[in-house]
Amino acid sequence: MNDTPSLHLWLIPVLPFIGFLLNGLLGSRLPKTLVSTIALLFTAAPLALVTIIAFRFTSLSLPYVERLPMPWMATPAFHADFAFLLDPLTLVMLLVVTGVGFLIHIYSVGYMAHEEGYWRFFAYLNLFMFFMLTLVLAENFLIMFVGWEGVGLASYLLVGFYFLKESAADAGKKAFILNRIGDFGFLLAMFLMIAHFGSLSFSSVFGAISHHPEVQGGFLTAIALLLLLGATGKSAQIPLYIWLPDAMEGPTPVSALIHAATMVTAGVYMIARSHVLFDRSPFALGVVAIIGAATALFAATVGMVQTDIKRVLAYSTISQLGYMFLACGAAAYSAAIFHLVTHAFFKALLFLAAGSVIHALGGQQDMRAMGGLRTATPITFWTMSSAVFAISGVPPFSGFFSKDAILYQTFVSPTAGPILWVVGVVTVSLTAFYMFRLWYLTFFGAIRTKDAHPHEGPWSMLVPIMILGVLALAGGWIGIPKALGGGDQFAHFLDPVLHVASAPASSSGNQEIWFSVISVAMAAIGWFFADLLYRRKPGMADRLAERAAGVYSLLVNKYWIDQIYTGLIVAPLLFLSRYLLWGAVDRGVINGGGSLAAGSMRGLGALVQRVQSGNIRSYAGWLAVGAAALLLITYFGFSMHLS
Amino acid sequence: MLNDSILTLTTFVPAAGAVVVALLPRRGRIIQWFTLAVALLTFGLTLQLPAHYVYGHPGFQFEVDFPWISSPAIRYHLGVDGISVWLVVLTGFLAPLGVLASWKTINHRTKEFYFFFLLQQTAMIGVFVSLDMFLYYAFWELTLVPMAILISMFGRDRGTEAAIKFFIYTFLPSALLLVAIVWLYAKTGTFDFVRLQSILAQSSSSSSSAFPPQALFWASLAFLVAFAVKVPVFPLHAWLGDVFSEAPTAMAMVVAGKLGLYSILRFNLGLFPAQARQVAPWMIALAVIGILYGALVALVQKDMKRLAAFSTVSSLSFCILGIFTFAVSGLDGAIYQILNEGISVGALLLLVGFMYERYGTYEIGAYGGLAKRMPHLATLFVITGLSLIGLPLLNGFVGEFLILSGSFPGHVPWVAAATAGVILSAAYMLWMIQRVFYGTQSGMVTDLAVADMNFREHMAVWPIAVLMLLMGVASPLWMRAIDGAAVKLASPAPLVGMAVKQ
């Protein structure tokens, strides 16, 4: 198809799969060092491949498509290949997934060193890499769906890693089922695409749409909204986000890899990948933007009052993903991907550093029992600080640039607009507040746990967080906007894939600078209040919570959304199934109707019992006689009737 | 030479084995080993079919056809096509696994068990390969008898009751089927499937029909009811839960799905294409109700066997949906899904059976935290569960996806409702897995120290697990045979002709 020699893209996902098979089948009999060596090796290999491709990238003719010789499904009416696609967007995702993935694998070697089921953990981790890499490499929606459901499976297995713990098993199951609700949308979207385009390949679907500029809305809106349903499941957006906080039951490296840096961003990637489709439906884009903004604000408010360090980060992730959705809704896809990248750095770091804190305190996750770790764990402190500044949007940390790009483009976009921009900047304040709250509670003041001997983890844990610390600081410099003296390289790099004809034109530099000033000011306000409540006037936070007990309890209980879902959906469904369908219909009508013969059956039963008491031959004989009689009667009955 | 006799051999080797079993002494495990050898031999024979199959040729292959009885005109006519070829292989594949599953559990009256077990093999293969209606009916009836007897003999505690329920449910509608077959014979003078097909096709395309109006409709309905009970289609499923609960594992593995669904494809779509389209709206509705109803009821079952039964009703309903929407992809998917159901439900029943052997209960609530004690069984159980709920790259997804995407155009609300079944299936399966394998260990699991799966048990399940993955990633290997049949069923020639005339 092009003159580029084969890149063997298929190896990138398949290598971790081999690691999974090795550790999954043999791991229980191997020593821990060998298990981790295998897992690291089969994660390092795709990273190396991706790095090589990245270095050769400019010399490749793109987009590059690779198909395996045998199709996955082939009927006369429908055809789907195992096809992989390489373009700038794929490369960005590959670098994030393999890079951050590899760092987290290293971290896990130290973090999980004393866990039972070490081999299981690494096998699942490699399995996750396989599915995640499949997801980002896919050249059609069906292969993407393989990765899409597969990462859900890996997440299910890893969240439920401590499977004897009821809450962990519950959380894994909840995550999978809520994701399935999203997948229901994804599936229907695919059915619609097959019906309208006859294919699920990106090139055919997007090509067909591009060739018909007159087609707007209509079934494209339906497809876009169904895909959005899928994205809200995977990326934990309203209304399907409730699984993500519970998923914190998994080991912390899992939270970092799956529930912060990679899997949960799949929805954003998918929307960006299908932007050709979304661009044709301003309505769908508007919905994406509203869901994103609402989720960003909503989750941030809940994050302000959580006391479990990982739960704060979980709500923070939901909120930040909301920003990415907001960007997608504003048709600012490269800004969304930009934030996806920087978020992968700083949020993975936040989780890993939190894991380091938890490790230092021997498993303590409650921030009320922390404090004063600044001196005891300096490396964790400094790296975590880098991430806290990044997520709060303090220049020149990475999050500042990406969040800025989103907020500015939201303001000028016709599908998002000033109102959603206001929601976005208010959320900036809240974000700074809950992050600095976490920062103060964890690292400042006096330690609030008795008999604690906080200590840094092994080097395998420290090196990854240090690398990520640097990335959280400098990762955003790849996309400094022109208004701030940069070259906007990141957006230019993605332009061939994500360029939108109607993208908001780059405005005058002055205007953009004012937007930056506003969002930095908002972040400063959040920081100020966190400083006031948790450093300068400790105890004030509690008094405030008492004063506004109603609001506080609403937030602490996460707006009662879990309870509402249980009460309005789960409980009625179970009630309906148990008492109406099973009790009344099945036991009553269907089985009862079947016992037209209940009585006669018992009579027959008695008869057969007697027959059976003898030997089996007579029993078989009876059946044979019955069958023969039936046959003869009907045959002669009919022939007589007909003659 | 082989091609001429292969179907006869495949069909009757198990029966010949049964005769030998009847003569073998009841000593040691001679009978088991012998049955295993026969089952493996049969499987080897069935593998000859795909090996020598002419792909791309849509008609019957490996045909044998000669007169057997002159009056009434019954022919010995065997053959396979894309619908049946893999079903024969599936039957052969499951038989050795069934023997392995019964190795320890059946320890009294072994001779009777294995005799009927092998007889059942012959009957099932006979159903798939017979192209003479009389022959077909004989085999069809023969599948019911060993099943009923074995359920009654080896039932858990209500075996006889379940056997009678099974008997009433499946035997009485079969009588209707017989009436319809005989009526067709009286009208046409032939039992031969191929000839009947062309006669019926001609009569439907010519205005001067030899058949009274509506008569063909009622005849097709008699066929359909007999088959729908055997599938089972909602609301005719009441027997399945009892049979799953009572039947020995090796029998439960083969009782549902394939026989009924194959027969619907072969006869309702093959002989009565127009009538099948008449009842299609009803069947689609029943299928979608069955998918959702089965999944919802499975959600609240307390007994693993009953859960498996309702799960089966739900997933087999997907096949019905794919069949009665008459789209090529949907039919392809439906035929594929019959195979998937055969192997995945088979694995599920095997695993549940292993648990029963150890703990003596199917009650979900009695278990808990079992993954700690039996990690291998837990792993295989999870893989099987994922296959049943249609995880991509495992077999179930291919079938479900083709069915749903193929059926989608023209049936949007129905397919949308059916697709909701994927949410419910994940819910009941993962919930059961959680209650049985995860969480705190129950008292029973803590107190009773049992060993994880042994070699024999591994041998029974691993082939299925490998096949699940293989069928999940390499569907064209199977589909290239299925395709030809699906295309013919989707647009039978006479219907096309009819459309042209109008």
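Residues in the stretch B:327-339 that are surrounded by 24 or more Cβ atoms within 10 Å (Cβ to Cβ) and β-branched (V, I, T): B:I335, B:I338. Filtered by the rule that a residue be within 10 Å of chain B (Cβ to nearest Cβ) and touching a residue at least 24 places away in the same chain (Cβ under 8 Å), the stretch A:158-174 gives A:G160, A:Y162, A:K165, A:S167, A:A168, A:D170, A:G172, A:K174.
What number goes with the only condition from (1) free of Cβ contacts under 8 Å to residues at least 12 places away in the same chain; (2) touching an Asp or Glu at 6+ places or on another chain (Cβ under 9 Å) that B:I69 does not pass? With respect to (1) free of Cβ contacts under 8 Å to residues at least 12 places away in the same chain; (2) touching an Asp or Glu at 6+ places or on another chain (Cβ under 9 Å), B:I69 is out only on (2). Report, by residue number, each residue of the stretch B:405-429 that is at the interface with chain A (Cβ under 7 Å from one of its Cβ atoms), in contact with a Leu (Cβ under 8 Å, 6 or more places away or on another chain) and in contact (Cβ under 8 Å) with a residue 40 or more places away in the chain. The answer is B:G406, B:V415, B:A420, B:A427. For B:F113, the requirement of being within 25 Å of the chain's Cα centre (by Cα), surrounded by fewer than 24 Cβ atoms within 10 Å (Cβ to Cβ) and of a type in the set (F, W, Y) is not met. For B:M453, the test of being surrounded by fewer than 24 Cβ atoms within 10 Å (Cβ to Cβ), outside any helix (DSSP H, G or I) and of a type in the set (A, V, I, L, M) is passed. Would you say B:G59 is more than 21 Å from B:L177 (Cα to Cα) and either surrounded by fewer than 24 Cβ atoms within 10 Å (Cβ to Cβ) or under 23 Å from the mean Cα position of the chain (by Cα) (or both)? Judged against the criteria, B:G59 is a match. Residues that are surrounded by fewer than 21 Cβ atoms within 10 Å (Cβ to Cβ), within 11 Å of chain A (Cβ to nearest Cβ) and either in a helix (DSSP H, G or I) or among the basic types (K, R) (or both) within the stretch B:481-493 comprise B:G484, B:V487, listed in sequence order. Being free of Cβ contacts under 8 Å to residues at least 24 places away in the same chain and more than 9 Å from chain A (Cβ to nearest Cβ) is a property that B:G396 lacks.
Scanning for something crowded, with 24+ Cβ neighbours inside 10 Å, within 12 Å of another protein chain (Cβ to nearest Cβ) and in contact (Cβ under 8 Å) with a residue 40 or more places away in the chain, does the stretch B:340-352 turn up at least one residue? Checked against the condition, which is being crowded, with 24+ Cβ neighbours inside 10 Å, within 12 Å of another protein chain (Cβ to nearest Cβ) and in contact (Cβ under 8 Å) with a residue 40 or more places away in the chain, the stretch B:340-352 yields no hits at all.
Among the residues making up the stretch B:383-393, those that are more than 8 Å from chain A (Cβ to nearest Cβ) and either over 12 Å from B:E341 (Cα atoms) or in a helix (DSSP H, G or I) (or both) are B:I383, B:T384, B:G385, B:S387, B:L388.
Taking the numbered list (1) more than 30 Å from B:V352 (Cβ to Cβ); (2) part of a helix (DSSP H, G or I) in turn, B:F139 passes all entries but (1).
Taking every residue in the stretch B:243-271 that is at positive phi and pairing it with any residue that is of a type in the set (G, A, S), at least 6 positions away or on another chain, the pairs with Cβ-Cβ distances below 9 Å are B:G257/B:S315; B:G257/B:G342. Taking B:L470 as the residue in question, decide whether it is within 17 Å of A:T75 (Cβ to Cβ), part of a helix (DSSP H, G or I) and more than 9 Å from chain A (Cβ to nearest Cβ). Criteria not met by B:L470. Considering the conditions (1) under 22 Å from A:A483 (Cα atoms); (2) surrounded by fewer than 24 Cβ atoms within 10 Å (Cβ to Cβ), A:V428 is excluded by exactly one of them, (2). In the stretch A:61-86, of all residues being farther than 29 Å from B:L394 by Cα and surrounded by 17 or more Cβ atoms within 10 Å (Cβ to Cβ), the one that is modelled with the lowest pLDDT corresponds to A:L62.
Per the listing B:Y336, B:Y356, the residue uniquely within 11 Å of chain A (Cβ to nearest Cβ) and in a helix (DSSP H, G or I) is B:Y336. Scanning the stretch B:430-457 for residues that are more than 19 Å from B:T312 (Cβ to Cβ), of a type outside the set (F, W, Y) and within 12 Å of chain A (Cβ to nearest Cβ) turns up B:Q434, B:R435, B:G439, B:T440, B:Q441, B:S442, B:V445, B:T446, B:D452. For the residues B:V297, B:V313, the requirement of being assigned to a helix (DSSP H, G or I), within 13 Å of another protein chain (Cβ to nearest Cβ) and in contact with an Asp or Glu (Cβ under 7 Å, 6 or more places away or on another chain) singles out B:V297. Here A:I238 clears all of (1) part of a helix (DSSP H, G or I); (2) at pLDDT below 95 except the condition numbered (1). Answer yes or no: is there a residue in the stretch B:187-198 that is assigned to a loop (DSSP other than H, G, I, E, B), within 23 Å of B:A274 (Cα to Cα) and not β-branched (V, I, T). Yes: the stretch B:187-198 contains one or more residues that are assigned to a loop (DSSP other than H, G, I, E, B), within 23 Å of B:A274 (Cα to Cα) and not β-branched (V, I, T).
Apart from one condition, B:G410 fits all of (1) modelled with pLDDT of 95 or more; (2) not in a helix (DSSP H, G or I); the exception is (1). Looking at the stretch B:215-286, the helices (runs of 4 or more DSSP H) lying wholly inside it that each contain 1 or more residues that are more than 14 Å from chain A (Cβ to nearest Cβ) and farther than 14 Å from B:F166 by Cα sit at B:215-230, B:249-255, B:258-263. Determine, yes or no, whether A:T232 is away from every other protein chain (no Cβ under 11 Å), modelled with pLDDT of 95 or more and on the phi < 0 side of the Ramachandran plot. Spelling it out, A:T232 is indeed away from every other protein chain (no Cβ under 11 Å), modelled with pLDDT of 95 or more and on the phi < 0 side of the Ramachandran plot. For the stretch A:130-142, filtered to residues that are within 12 Å of chain B (Cβ to nearest Cβ) and farther than 19 Å from A:I258 by Cα, the residue that is surrounded by the most Cβ atoms within 10 Å (Cβ to Cβ) is A:L142.
At least 3 residues being crowded, with 23+ Cβ neighbours inside 10 Å is the threshold, and among the helices (runs of 4 or more DSSP H) wholly inside the stretch A:317-398 those reaching it are A:333-360, A:378-392.
Exactly one residue out of A:F163, A:F102 is closer than 24 Å to A:P458 by Cα and surrounded by fewer than 24 Cβ atoms within 10 Å (Cβ to Cβ), and it is A:F102. Going through (1) within 9 Å of chain B (Cβ to nearest Cβ); (2) modelled with pLDDT of 85 or more one by one, A:A597 falls short only on (2).
It is to be established whether one or more residues within the stretch B:136-154 are crowded, with 22+ Cβ neighbours inside 10 Å, touching a strand residue (DSSP E or B) at 6+ places or on another chain (Cβ under 7 Å) and modelled with pLDDT of 90 or more. Checked the stretch B:136-154: at least one residue is crowded, with 22+ Cβ neighbours inside 10 Å, touching a strand residue (DSSP E or B) at 6+ places or on another chain (Cβ under 7 Å) and modelled with pLDDT of 90 or more. When B:W462, B:W478 are checked against the criterion of being more than 9 Å from chain A (Cβ to nearest Cβ), within 30 Å of B:P96 (Cβ to Cβ), of a type in the set (F, W, Y) and surrounded by 21 or more Cβ atoms within 10 Å (Cβ to Cβ), B:W478 stands alone in meeting it.
The values are calculated or read from the model by the stated rules, or taken from the named source; none is laboratory data. Every value quoted in this text rests on a predicted model; they were computed, and no experiment measured them. In this analysis, Cβ positions are derived from the backbone assuming ideal geometry, glycine residues included, and neighbour counts consider all displayed protein chains.
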